[in-house]
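Structure, as structure tokens:
The values are calculated or read from the model by the stated rules, or taken from the named source; none is laboratory data. These numbers were taken from a predicted model, which means no experiment stands behind them. Cβ atoms come from the backbone with ideal geometry, glycine included; neighbour counts cover every protein chain shown.
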Amino acid sequence: MSDARSRIFSRLRAIEGETSPEASPSSVRRFDWTRAERLERFRARMESVRGEVHPVGADWPERMRALLREKGGDNLLYAPGGPHGSDLEGRWPDRDVPVLIPYQDPVETCRDALFEAVDAGFTSCRGAIAETGSVVLWPTSEEPRLLSLAPPVHFVLLESDQIYSTFHELLIDQCWSAGLPTNALLISGPSKSADIEQTLAYGVHGPKALVVLVREDQTSAHEGGKTGAT
């Protein structure tokens, strides 16, 4: 081992010996927000960055179809094996357009169609964060990242009781420590980028529109209870 490398490791070991978890407590932000407050804060922050938030019920496939038609979309890419795939198929109006496109083939065989012919994509999510106005995606092989990345419009179905005050609260409540995903995504609004002159442009590296459908749990629609552990 070189002298320089030995000195670096010696310094690191010395620092490690001087530091303990008790000596450096971490500060966790906590908010005592009701369910209604979490929803309103999430909506306000999502809409502040040009995201859309729409309340829906059991008719969410019909509402999504209507919103897609308003945006001029002719088709919707979805994951048949995803959490809402069968529900979407069963409730999608059987008319001409927009049509459902199942994501089934490897990306190598459908790359051109994916990036040039698809108008919108649909995914589930693990929840949302009121503090930042973000939805949290946990892509899988059945519902891959491409559904939320490649199409110009991204639709997300969010359960209203899965809106957390902070990311820390979501991690604790969903027990992420028991098994982390290989790829977790926090998305706040549509894709955006700024050049050297700080001119903000949307849709440069991903969807131009993010549409969040918030499905209300009818059994607790009027519940204003406060959050669990934070």
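Below, the figures for the structure above:
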read-out: Count of residues meeting criterion [buried (at least 16 other Cβ atoms within 10 Å of the Cβ), within 22 Å of Thr123 (Cα to Cα) and among the hydrophobic types (A, V, I, L, M, F, W, C)] in the range 28-48; value: 3
read-out: Arg29 vs. criteria modelled with pLDDT under 80, under 18 Å from Leu170 (Cβ atoms) and either part of a loop (DSSP other than H, G, I, E, B) or over 18 Å from the mean Cα position of the chain (by Cα) (or both); value: yes
read-out: Verdict on Ser177 being of a type outside the set (Lys, Arg) and either at pLDDT 95 or above or within 21 Å of Arg35 (Cβ to Cβ) (or both); value: no
read-out: Given (1) at pLDDT 95 or above; (2) assigned to a loop (DSSP other than H, G, I, E, B); (3) not small (Gly, Ala, Ser), number of the condition Arg95 does not satisfy; value: (1)
read-out: Members of the range 68-98 found to be buried (at least 19 other Cβ atoms within 10 Å of the Cβ) and either β-branched (Val, Ile, Thr) or within 22 Å of the chain's Cα centre (by Cα) (or both), listed by number; value: Leu68, Gly73, Leu76, Leu77, Tyr78, Ala79, Gly82, Gly85, Leu88
read-out: Residue check for Thr132: under 30 Å from Gly72 (Cα atoms) and in contact with a Ser or Thr (Cβ under 9 Å, 6 or more places away or on another chain); value: yes
read-out: Candidates Pro139, Pro181, filtered to the one that is more than 30 Å from Gly72 (Cβ to Cβ) and in contact (Cβ under 8 Å) with a residue 40 or more places away in the chain; value: Pro181
read-out: Counted residues, the range 172-189 - those being surrounded by fewer than 17 Cβ atoms within 10 Å (Cβ to Cβ), at positive phi and either in contact with a strand residue (DSSP E or B) (Cβ under 9 Å, 6 or more places away or on another chain) or of a type in the set (Ser, Thr, Tyr) (or both); value: 0
read-out: Evaluation of Glu169 against (1) closer than 22 Å to Arg45 by Cβ; (2) surrounded by fewer than 19 Cβ atoms within 10 Å (Cβ to Cβ); (3) of a type in the set (D, E, K, R) (one fails), failing number; value: (2)
read-out: Candidate set: the range 36-73, residues that are in contact with a strand residue (DSSP E or B) (Cβ under 7 Å, 6 or more places away or on another chain) and of a type in the set (Asp, Glu); chosen: the one nearest to Ala113 (Cα to Cα); value: Glu52
read-out: Of the criteria (1) in contact with a helix residue (DSSP H, G or I) (Cβ under 7 Å, 6 or more places away or on another chain); (2) closer than 24 Å to Lys192 by Cβ, which one Ala79 fails; value: (2)
read-out: Criterion (crowded, with 19+ Cβ neighbours inside 10 Å and modelled with pLDDT under 90) met by exactly one of Leu147, Leu114; value: Leu114
